[in-house]
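S.K.: Have a look at the structure that comes next, please.
Every number here is computed from the coordinates shown, using simple stated rules; none is lab data. The shown structure was predicted, so the numbers you read here are calculated from the model rather than taken from an experiment. As a convention, Cβ positions derive from the backbone with ideal geometry for all residues, glycine included, and neighbour counts pool all protein chains shown.
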């Protein structure tokens with residue numbers, strides 16, 4: 001009885017070994033799967049964040065290959081003036097502002113003209129009085145002339161004496177001199193009136209030619225004078241420029257001036273107008289050297305003016321060996337040759353988006369320009385693309401951009 005109870009207390013090792021074996025197998029499988037998952041995650045992480053250099057697509061101008069010299073300069077109006085008053089006076093009114101287009105003779109501002117107008121009125125009144133005196137002298141002359149002619153007749157007939165005739169003739173000659181003097185006085189009066197008119201006109205500040213107002217240097221109430229010697233006065237009231245006379249003025253090193261000649265074709269790039277190039281020609285070479293800089297001033301005119309051009313814009317001028325063809329003047333989209341991935345299926349580039357993911361994009365290529373190649377289709381200006389993509393780079397992968 002007791003032995004039977006002891007037999008019941010024995011451990012069934014076969015069942016234990018079977019359960020333990022199943023748990024170990026499950027643990028090993030789970031461990032292997034976890035290790036594989038970790039390995040894949042690590043591989044994907046490093047693959048997704050491979051570091052690459054990138055570039056932004058841009059335009060290339062084939063005419064640059066014709067450049068033999070490049071210089072810097074500024075847009076300068078060849079017809080420019082600092083408009084000032086001819087007299088000293090206080091500004092009464094201003095009719096234009098910066099940017100206003102003005103015509104030749106247009107009144108830009110008016111000075112206080114009270115004194116000038118009073119002088120003009122006085123001169124006009126004086127001239128009227130002198131003209132009246134001249135008319136009176138003429139009437140006296142006509143009357144004395146009639147008496148003189150009658151006296152000659154009476155003297156010839158013996159009706160008057162010689163002394164009586166002398167009195168009549170003297171009166172005639174005196175009236176003649178008085179009339180001539182009155183005419184001279186009237187001329188003086190006209191000159192005085194003209195001078196007063198000039199004084200009145202000088203209170204008007206006018207445009208000497210068609211132009212655009214660049215700066216306004218005085219306001220209503222300011223005192224202006226031809227030669228300002230005080231901080232409280234202004235000399236130049238306006239600065240104006242004829243925008244049709246805009247040219248580039250560039251300083252060319254005296255050692256390179258032999259490469260420049262009048263009429264030479266140029267390409268102009270304005271720093272403030274990105275992407276556009278303007279055709280031009282050398283209009284003049286100033287025949288003197290700036291000693292301090294050892295440069296010669298060269299003026300380049302635009303083949304066609306653009307409304308976006310402004311006074312004092314900075315520019316770069318490429319002096320060309322010849323006139324570029326129409327095809328050479330057209331800019332083309334280019335990328336670095338190293339950005340291409342060449343496969344049996346064609347040429348590809350990897351375009352980077354805002355999330356740093358890449359898109360494998362097929363492109364059609366054109367002409368080569370040194371280490372650059374023309375892109376005909378597939379991508380656009382400003383796209384960011386990977387330089388020197390590797391075979392391991394796949395579509396949709398994320399990258400790390402070098403330097404960021």
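S.K.: Please identify, among 84, 116, 184, the residue showing maximal mean-square fluctuation in a Gaussian network model of the chain using a 10 angstrom Cα cutoff.
M.R.: Judging by the Gaussian network model, the answer is 184.
S.K.: What angle, in degrees between 0 and 90 and rounded to the nearest 10, separates the Cα long axis of helix 13-48 from the longest principal axis of the Cα atoms of the chain?
M.R.: Roughly 20 degrees between the two axes.
S.K.: Ok, one more. Normalised by the number of residues in the stretch 114-201, what is the relative contact order in percent for Cα pairs under 8 Å and 6+ residues apart?
M.R.: Working: 63 pairs, mean separation 45.8, N = 88.
It rounds to 52 percent for the stretch 114-201.
S.K.: Something else about it: Let me have the 222 nm mean residue ellipticity of the chain computed from DSSP H runs of 4+ only, each contributing -39500 (n - 2.57), with the sum over all residues rounded to the nearest 500.
M.R.: Details: 4 runs with 127 residues, N = 404.
That comes out to -11500 deg cm²/dmol.
S.K.: I'd like the orientation of helix 114-157 relative to the chain: the angle between its Cα long axis and the longest Cα principal axis, in ° from 0 to 90, rounded to 10.
M.R.: Roughly 30 degrees between the two axes.
S.K.: Between residue 374 and residue 402, how many nm apart are label points set 7 Å from Cα along the C-beta direction?
M.R.: Inter-label distance under the simple model: 2.9 nm.
S.K.: Within a 10 angstrom radius of the beta carbon, how do 345, 374, 98 rank from fewest other beta carbons to most?
M.R.: Details: 345 7, 374 16, 98 11.
Result, fewest neighbours first: 345, 98, 374.
S.K.: Here's something else I'd like to know. Of (i) 1.66; (ii) 2.25; (iii) 1.08, which is the value of Cα Rg over 2.2 N^0.38 Å derived from the coordinates here?
M.R.: (ii)
S.K.: Now, a different point. Which of 210, 65 has the fewest other C-beta atoms within 10 Å, and how do the rest follow up to the most? All intermediate terms of the calculation are to be shown ahead of the outcome.
M.R.: On the way: 210 16, 65 13.
Taking fewest neighbouring Cβ atoms as first place, the list is 65, 210.
S.K.: Contour minus end-to-end for residue 344 and residue 177, with contour as 0.36 nm per residue of separation and end-to-end as the Cα-Cα distance?
M.R.: Numbers: separation 167, 0.36 × 167 = 60.12 nm, distance 11.50 nm.
Fully extending the segment from residue 344 to residue 177 adds 48.6 nm.
S.K.: Also, I was wondering about something else. At a threshold of 8 angstrom on Cα-Cα distance, excluding pairs fewer than six apart, so keeping six or more, what relative contact order does the stretch 246-355 reach in percent?
M.R.: Numbers: 157 pairs, mean separation 31.2, N = 110.
Relative contact order, the stretch 246-355: 28 percent.
S.K.: For a Förster distance of 56 Å, can you work out the FRET efficiency between the beta-carbons of residue 112 and residue 170, rounded to the nearest 0.05? List each step's numbers first, then the result.
M.R.: On the way: r = 54 Å, r/R0 = 0.96.
It comes to 0.55.
S.K.: Here's a follow-up. Give the relative contact order (percent, whole number) for the chain; include only Cα pairs under 8 Å separated by 6+ residues.
M.R.: Relative contact order of the chain: 25 percent.
S.K.: By count of other Cβ within 10 Å, fewest leading, how are 195, 309 ordered?
M.R.: Values: 195 13, 309 19.
So the ranking, lowest neighbour count to highest, is 195, 309.
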